[in-house]
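Some notes on the structure that comes next.
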Amino acid sequence: MTRVNLRVALTSPNSERGPFLPEEVIPNWTEIQPEIVALAERLHVEHARDDKAMLAYCTLQVVLAPVLESLIVIDRYLYLTERGVTCHVLPVFDAATSPRNLAIIARKTHQ
């Protein structure tokens, strides 16, 4: 079976056209497609028991990401203010987009 990086191969350089079709990238796609489907189904069955652990991990990640990002920004803000730097923390975009939406705007005062 030929190895192909599908992430690179299925991305078209022409954004108007959209992604390449698998047949354009892998000439024998119709021959290997059943193998790929069978492999995906086998992996799904083998790792089905991990669904609960993965759900717990993803839930923790979603819940804790904004809190941890805020703690990091607060830590950096306090570090700068302790050293005499004037700082402001401002949201750059909507927090629903990403928890990394805060920017620290700083100006060092000349001493």
Of all residues being over 29 Å from Ala95 (Cβ atoms) and aliphatic (A, V, I, L, M) in the range 34-69, which is surrounded by the most Cβ atoms within 10 Å (Cβ to Cβ)? Just the residue, please. Ile36
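For the range 1-40, name all the residues that are among the acidic types (Asp, Glu) and at pLDDT 85 or above.
Correct list: empty.
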Any residue in the range 87-105 that is loosely packed, with under 10 Cβ neighbours inside 10 Å, of a type in the set (Ser, Thr, Tyr) and out of contact with any Gly (no Cβ under 7 Å at 6 or more places or on another chain)? yes
Here is a check on your reading of the model: is Leu90 out of contact with any Asp or Glu (no Cβ under 8 Å at 6 or more places or on another chain) and of a type in the set (A, V, I, L, M, F, W, C)? yes
Within the group Leu80, Leu60, which residue is within 30 Å of Thr109 (Cβ to Cβ) and modelled with pLDDT of 90 or more? Leu80
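The values are calculated or read from the model by the stated rules, or taken from the named source; none is laboratory data. Note that the structure is predicted; figures quoted are calculated from it, not measured. Ideal geometry is used to build each Cβ from the backbone, glycine not excepted, and the neighbour counts take in all protein chains shown.
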